[in-house]
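The values are calculated or read from the model by the stated rules, or taken from the named source; none is laboratory data. From a predicted model like this one, the values you see are computed outputs, not experimental measurements. Glycine gets a Cβ as well: all are built from the backbone with ideal geometry, and neighbour counts include every protein chain shown.
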Amino acid sequence: MSAPRKSFSALAENFGPPLVFLAVTLIFIVAAYGYPPASREVPLLIGYVLIVLIALDILSRTSTSTGELVRRYLNPASGLPGVPKSAGDEGEEHPSGQKELLAVGWVAAFTAAVMIVGILPAVPAYVASYMIVEGRKSVKFSILIAASIALFLWLSFEMILSIPLYRGMLFE
Amino acid sequence: MNKLLAALTTCVGMVTAPVAMAADFPAKNIQFVIPVSPGGGFDTYVRAVAPILERHLPQSVNIVPTNIPAAGGARGAAQVYRAKPDGYTIGIFNIPGMLVPQIRGDSDLQYDLKKMTWLGSFGQDGYGVGVPTASPYKTVADLKALDRPVKFTASGPSSTAYSATMIATDMLGIKREIISGYKGSNDYVLAVIRGDGDAVIGPLPVMEKFVESGELRIIGTFEEKSSVPGAQNAIEMGQPDLSKLSVGRLVAGPPDLPPEVAKTLSESLMAAMQDPAMATWSRESGIAVEPGDAASAKGILEGQFNFYERYSKYLGPAN
Amino acid sequence: MLDVALTAAGNVFTFQSLLFLTIGMLIGLVVGVVPGMGGTTALAVFGPMTVGLDPYSALSLAGGLMGAVSFGGSVTSILINLPGGAPNAATCLDGYPLAQQGKAGLALGASASASSVGGVIGVFTLLLVIPISKKIVLAFGPSEFFLLATLGLVTIAACAPGRMLRAMIVGGIGLLFAFIGFDNVNGGTRFTFGLEHLWEGIPLAPAMIGLFAFPEMIELSAKGGSIAKDKGQVGLTGTLDGVWASFKYWKTLLRGSLIGTLVGAIPGVGGTVAAFLAYFSTVQASKNPESFGKGNIEGVIAPEAANNAKDGGNLIPTLAFGIPGTAEMAVLLGVLVLHGMEPGPTMILHHEAEIYGLILTLTLSSILASVIGLMMVRPLAMITRLDAHILVPSVIAISFVGAYANNSLPGDIVLAFVFGVIGYLLIRFDYPRLPLVIALVLGELAERSFAQAMMISGGSWSIFVTRPISALLFALIVMALTYPMIRTLLQRRHSVEEVS
């Protein structure tokens, strides 16, 4: 592929990240103006510098000659997306979007479970079900591992360290 | 007939149960809440007294010191305030530190110090004015006479040290500028020794250590009778009310604690504080303990409330 | 001084003290490995249990604990790219790539020896410096703190070679995050957006756990396989080579140790900055800086030496003035007070022998922990061979519990998850994560010290160059900023000349 695809998803992947950073920075800047002058000085300074840096980042992602300049001096390690950096540089293949979402989803579900029923029930449930469903391990093996992890946590935190583990919103 | 009997038994049971409970108190471990992170002065008091207190309780149970830091102590205080009033949760409180948010009217405040059951006090530390040993200022009057604002070092704007500095300098008529944000009393006293500021208003026990090592000189104490030779006391400086500026360590339980339970806790605490082991620890570590009972704790609280209500404008805006 | 040292040694080399030393060391190793838990939590839990013991036993426990934590923390940094504690974050940079290449044993070996030597050098420096410790502590005020913090922040630009612009952006965002919470200088809370949980700011441990545990685990989860790309290579043979490597690269070892001690001596700055500065300076001093981040063993030696040396440095202000520079020191002070030693400038006058005892146990632990750790390298290295579907849920589960245990706040679990997503997005779109951590660690110190310096100088910026140490630090910052660019320019000129 000699030229980057101009499809929407490619554009989003290229310019999305700096725009997200820009949005975050703007939120902080706007919020900063709500505070007294002494409190907002330094955050504003950082915020404005960030805007400049993000602008440079956006520039570096364009195919213009200025962009090329910025890329060479400030970010030589990453070329334009879709263009290989050098011959033979395959780079790391990122897993497809669907697999990523699934992976994140599992952790999100675990987080939710911990918040609702607490640490000690959620941990073995998560470990066992992940191993069974995604890893296709045998049920016995999965339960064994899951139980030993839960036991280890219980012993070390509740017993030895006297740090009670969160019981979940249902039981607090 | 059976129903009436059942009802009567229940009534009798309900009446006698608390009394029976009180007689058995304590029957399980008592949680002693410390609203700051481990390692601070308050933390140390509790951990030092815990084993001694265990010996003075009617039944032998464990006292479990539990740190609940965050929100400057508000979280720990809220936990004690909301706990079941059965005597198994008590806590140590920094007065006026915990008082200030209440007087200031912070939103979301989850405790009311006036309603807590006060059990005793470990004592109060007085404040004083210190300068580096090499400083040209010998008395508070020298500071007053300066034609530029005197630079004082202190911790952050909502801390006790900060409000104490503001209140004291106003009472004494000293023009001031406060260099704030230092983390802790050792830090802001050291800062003045380093030369970041001209003078410091801080707790006497902390300053006295630096006097012993030769770095600091105390030029005034906010006490009615000066414990430091050569330093003026509050009356000599013309402001007897300065003696109200102090840091108190008070112990309390949740509101509506049954009187017998409170009495047991209070008396055991007092006995523990007067125990020779406590005195030995106090002497070795250089940390003073002035045992105070429930009544004196309540008195200290009310005195501080009155004082800070008068000076509430110095406490900064409500959070 | 010698007779005091002998008294101390006599008390430490008793069966009881050595027993507590060993217990402390084992606790330290285990706690160090658990992400998010470090010396602070362990000391806070076990320190008070020593009440009733004699001071030497308590100090042996404390010293044992503190000396072992840093090495424990390097284990997960190397094996799964998850720092066991903030000071181990820099170890991930080259430690993890080594594990991926099947050289976990090599990395762990180097970490063990670097940690020991670093710890010993830190303690030795402490001993030398004790007589002038007060002068040192007094010489560092807000102006110096600000410049030090800035120096640390400048390393943000250098910690991602070739990605300086993106590193600075992430660092900047990290600084904004650092400003969330209570403002110590002016009062009032900022940027909490109504969330009470954020009042104290973003807690470092859960954020770091999320940033580092999550992304690797997500990638592994989506790709399958194991951490070590070529399972056949994972072996034990590298370990002794690793141990020897620290001595082979003795200049790096020395540099890391000295930086660790010096930076550790500054209250408030801490081991994380020490480790990063050590790493950064090693990169700059190296003949091939591009090899870092890809598995250069010196990139493990320098930060690991630094994060152990800092223990010696940390004790300087703590013992000289009773000013604990870090939370861990604050807890240690609490333990000392519990045993009748008063904090403050008089402690070292009245309790010399006990202090020497502590120093001795710290040294012993530093060395012993590495020895024990080395015995565990084989089973530990095998973790890199574990199948993703066992490793991923286990690491996620234990990490999240570590995040919770930090402050016993359930909100921290959600926070870890949020930072996990942030971390994953960052590596997915090719932005470095480390600057976020550096900024979170240093942001508050930098802002507060700047404001204080301005108050002290009455608004004049000259304070940063008129105070001698400040001027030196200022020069270091300028050097740090310009050196890489000058170097690239010189290299370009070289290669142009070679071609023509």
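Please note which strands (runs of 3 or more DSSP E) are completely contained in the range B:62-132 and include at least 1 residues that are small (Gly, Ala, Ser).
Of the strands (runs of 3 or more DSSP E) lying wholly inside the range B:62-132, those with at least 1 residues that are small (Gly, Ala, Ser) span B:89-95, B:117-132.
Residues that are in contact (Cβ under 8 Å) with a residue 12 or more places away in the chain and not in a helix (DSSP H, G or I): does the range C:62-69 have at least one?
no
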Give the number of residues within the range C:220-229 that are in contact (Cβ under 8 Å) with a residue 24 or more places away in the chain and outside any loop (DSSP other than H, G, I, E, B). 3
Scope the range A:19-53; condition in contact with a Lys or Arg (Cβ under 8 Å, 6 or more places away or on another chain) and at pLDDT 90 or above; matching residues: A:31, A:32, A:33, A:43
Matching residues in the range C:132-184 - criterion: being farther than 30 Å from residue C:430 by Cβ, part of a helix (DSSP H, G or I) and either within 13 Å of chain A (Cβ to nearest Cβ) or among the acidic types (Asp, Glu) (or both): C:144, C:146
Say whether the condition of being within 14 Å of residue C:142 (Cα to Cα), within 12 Å of chain A (Cβ to nearest Cβ) and acidic (Asp, Glu) is met by at least one residue in the range C:428-442. no
Look at the range A:48-57 and say how many of its residues are crowded, with 21+ Cβ neighbours inside 10 Å and more than 7 Å from every other protein chain (Cβ to nearest Cβ). 0
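Could you identify the single residue in C:424, C:431 that is under 25 Å from the mean Cα position of the chain (by Cα) and part of a helix (DSSP H, G or I)?
C:424
May I ask you to verify whether residue B:250 is under 20 Å from the mean Cα position of the chain (by Cα), more than 14 Å from chain C (Cβ to nearest Cβ), modelled with pLDDT of 85 or more and within 18 Å of residue B:96 (Cα to Cα)?
yes
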Suppose we keep only residues that are more than 8 Å from chain B (Cβ to nearest Cβ), free of Cβ contacts under 8 Å to residues at least 24 places away in the same chain and outside any loop (DSSP other than H, G, I, E, B) within the range C:185-210. Which one would you say is nearest to the chain's Cα centre (by Cα)? C:198
With respect to the numbered conditions (1) under 22 Å from residue B:130 (Cα atoms); (2) within 14 Å of chain C (Cβ to nearest Cβ); (3) surrounded by 15 or more Cβ atoms within 10 Å (Cβ to Cβ), which one is the sole condition not fulfilled by residue B:288? (3)
Residues to consider are C:175, C:148, C:204; find the one that is modelled with pLDDT of 80 or more and surrounded by fewer than 23 Cβ atoms within 10 Å (Cβ to Cβ). C:204
Flag if residue C:107 is in contact with a His (Cβ under 7 Å, 6 or more places away or on another chain) and either assigned to a helix (DSSP H, G or I) or β-branched (Val, Ile, Thr) (or both): no
In the range C:242-284, how many residues are farther than 19 Å from residue C:89 by Cβ, modelled with pLDDT under 85 and surrounded by fewer than 21 Cβ atoms within 10 Å (Cβ to Cβ)? 0
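Listed here are the residues, each with its yes/no results for (1) within 14 Å of chain A (Cβ to nearest Cβ); (2) over 17 Å from residue C:66 (Cβ atoms).
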| site | (1), (2) |
| --- | --- |
| C:333 | no, no |
| C:345 | no, yes |
| C:361 | no, no |
| C:373 | no, no |
| C:394 | yes, yes |
| C:415 | yes, yes |
| C:420 | yes, yes |
Within the range C:297-318, of all residues that are out of contact with any Ser or Thr (no Cβ under 8 Å at 6 or more places or on another chain) and away from every other protein chain (no Cβ under 14 Å), the one farthest from residue C:363 (Cα to Cα) is C:297
Given the criteria over 18 Å from residue B:90 (Cα atoms) and modelled with pLDDT of 70 or more, does residue B:13 qualify? no
Does residue C:470 meet the test of being over 30 Å from residue A:20 (Cα atoms), assigned to a helix (DSSP H, G or I) and without any contact (Cβ under 8 Å) to a residue 24 or more places away in the chain? no
Given the conditions (1) under 30 Å from residue B:282 (Cβ atoms); (2) in contact (Cβ under 8 Å) with a residue 60 or more places away in the chain; (3) crowded, with 24+ Cβ neighbours inside 10 Å, and given that residue C:348 satisfies all but one, which numbered condition is not satisfied? (3)
When you check residue B:243 against the structure, is it surrounded by fewer than 18 Cβ atoms within 10 Å (Cβ to Cβ) and polar (S, T, N, Q), yes or no? no
Take the range B:158-186 and flag every residue that is at the interface with chain C (Cβ under 8 Å from one of its Cβ atoms), surrounded by fewer than 21 Cβ atoms within 10 Å (Cβ to Cβ) and at negative phi. B:177, B:183
Could you please tell me which pairs satisfy a Cβ distance under 6 Å, a separation of 6+ or placement on different chains, a first residue in the range A:19-32 that is more than 8 Å from chain C (Cβ to nearest Cβ), and a second residue that is of a type in the set (Gly, Ala, Ser) and assigned to a helix (DSSP H, G or I)? A:29/A:47
Would you confirm whether or not the range C:224-235 contains a residue that is among the basic types (Lys, Arg) and either in contact with an Asp or Glu (Cβ under 9 Å, 6 or more places away or on another chain) or closer than 20 Å to residue C:438 by Cβ (or both)? no
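Tell me, which helices (runs of 4 or more DSSP H) lie completely within the range A:97-153 with 2 or more residues that are within 7 Å of chain C (Cβ to nearest Cβ) and over 22 Å from residue A:168 (Cβ atoms)? Before you say what the answer is, go through the steps one by one.
Details: elements: A:97-117, A:119-133, A:139-153.
Here the list reads A:97-117.
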Consider the range A:16-34. How many of its residues are within 14 Å of residue A:56 (Cβ to Cβ) and buried (at least 21 other Cβ atoms within 10 Å of the Cβ)? 4
